[in-house]
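To keep things clear, I will list the structure first and then write my remarks on it.
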Amino acid sequence: MILSTAASQALGTALADALGEPHGVVAYEQFPDGERFVQIEDDIAGERAVIVGGTPACEDHIDLLLLQDAAREAGASSVVTIIPYMGYARQDKQFSAGEPVSARAMAKAISTGTDRVLVVNPHEQSVCDFFSVPATAVDAAGRLAVPLPDGLESPLFLAPDAGATELAETVRDAYGTGTVDHFEKVRHAGDDVEITPGETDVSGRDVVVVDDIIATGSTMSQAIGALDDRGVGRVFVTCVHPLFARNARSKLAAAGVDAIYATDTIERSVTTVSAAPAVADTLDQ
Ligand code: R5P
């Protein structure tokens, strides 16, 4: 039985379709004092419960922990937790004294209510080591090739920083043709990002910029800006996790993009393709 938190309804139902398993109904409510309430409405005794719960917002963590506990209480034979987008995963070390390792704190809490974890494209694979139950990373980047138009002109799959190069290669491989390059990025602070373009000739070429996350949109908008005045063809922006915090959407529009494609690990207006087939493949392994 697939059970989704309020934040992950689209991916949860798509995963149920991909696996050919039923999707249960869970009620979510908020008490007058702001606390969350969760109730599984189906009988799941003796069944494997696959809980799909992304955590882009703080209350999503609470829903996930409550749903895990409800599944145990309801007699599930095992609990598998899918984390489509893992919040706090980028705080994966102590950057200065007095800080927590937030990713570890979240992983520890989530581990208590589950037998196995799958995390979709964590910022760093090593985040999986923070869980005290078996945890596997799912690579859903290949799904980003699905909504891209056919017949891109001499396509260049571009990573806005070196760290996203493998993702760009994955999308290129899934699309079937094109070359890969990456820019260099320095983040001075918050949304203050400096991008240095590579040497690849982009004149007349369609460029697909690929990243794992769009958060403030600074990385993407700076990368697109660096393509200006270089005779680039169409510019497509793709990411696995469309966090789209603050004014990210309007920053990208101002930078000039032809289309934005993202998966349903976070449900946003730019969500155009489901990560469910990639999750289903890993779940069955
Ligand atoms: C960082 O290395 C990530 O891969 C993304 O590039 C980053 O999280 C995007 O953040 P923002 O949209 O705020 O620039």
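The values are calculated or read from the model by the stated rules, or taken from the named source; none is laboratory data. Just so it is clear, the structure is predicted and the values come from calculations on it, not from any experiment. Note that each Cβ is placed from the backbone with ideal geometry, even for glycine, and that neighbours are counted across all protein chains shown. What goes into the accessible areas is simple: the full protein's heavy atoms, side chains included, and nothing from ligands, DNA or RNA. Shrake-Rupley method; radii C 1.70, N 1.55, O 1.52, S 1.80 Å.
Some notes on this structure:
- Leading residue by the ranking (least open to solvent (accessible area, probe 1.4 Å)) among those in the stretch 147-168 that are within 15 Å of the ligand (Cβ to nearest atom) and not hydrophobic (A, V, I, L, M, F, W, C): PRO160
- The set of residues in the stretch 136-163 that are among the aliphatic types (A, V, I, L, M) and closer than 17 Å to ALA275 by Cβ comprises ALA137, VAL138, ALA140, ALA141, LEU144, ALA145, VAL146, LEU148.
- Qualifying residue in the stretch 59-78 (condition: within 26 Å of VAL127 (Cα to Cα), of a type in the set (A, V, I, L, M, F, W, C) and in contact with a helix residue (DSSP H, G or I) (Cβ under 8 Å, 6 or more places away or on another chain)): yes
- Subset of the stretch 54-106 [part of a helix (DSSP H, G or I) and of a type outside the set (A, V, I, L, M)]: CYS58, GLU59, ASP60, HIS61, ASP63, GLN68, ASP69, ARG72, GLU73, SER102, ARG104
- Wholly enclosed strands (runs of 3 or more DSSP E) of the stretch 111-174 bearing at least 1 residues within 22 Å of GLU199 (Cα to Cα), in contact (Cβ under 8 Å) with a residue 12 or more places away in the chain and over 18 Å from the mean Cα position of the chain (by Cα): 156-159
- Filtered residue count, the stretch 198-220, keeping only those that are under 21 Å from ALA248 (Cβ atoms) and either near the ligand (Cβ under 8 Å from one of its atoms) or more than 21 Å from the chain's Cα centre (by Cα) (or both): 11
- Among the residues of the stretch 169-197, the ones that are surrounded by fewer than 16 Cβ atoms within 10 Å (Cβ to Cβ), aliphatic (A, V, I, L, M) and within 16 Å of the ligand (Cβ to nearest atom) come to 2 in all.
- Residues being under 20 Å from LEU156 (Cβ atoms) and open to solvent by less than 20 Å² (accessible area, probe 1.4 Å) - total across the stretch 227-258: 8
- Residue selected from the stretch 90-107 under the condition of a type outside the set (A, V, I, L, M) and surrounded by 13 or more Cβ atoms within 10 Å (Cβ to Cβ), by the criterion nearest to SER78 (Cα to Cα): ARG104
- Boolean, LEU252 is within 9 Å of the ligand (Cβ to nearest atom) and among the aliphatic types (A, V, I, L, M): no
- Filter result for ARG246 (within 13 Å of the ligand (Cβ to nearest atom) and touching a residue at least 12 places away in the same chain (Cβ under 8 Å)): yes
- Residue among SER111, SER126 that alone is among the polar types (S, T, N, Q) and open to solvent by 50 Å² or more (accessible area, probe 1.4 Å): SER126
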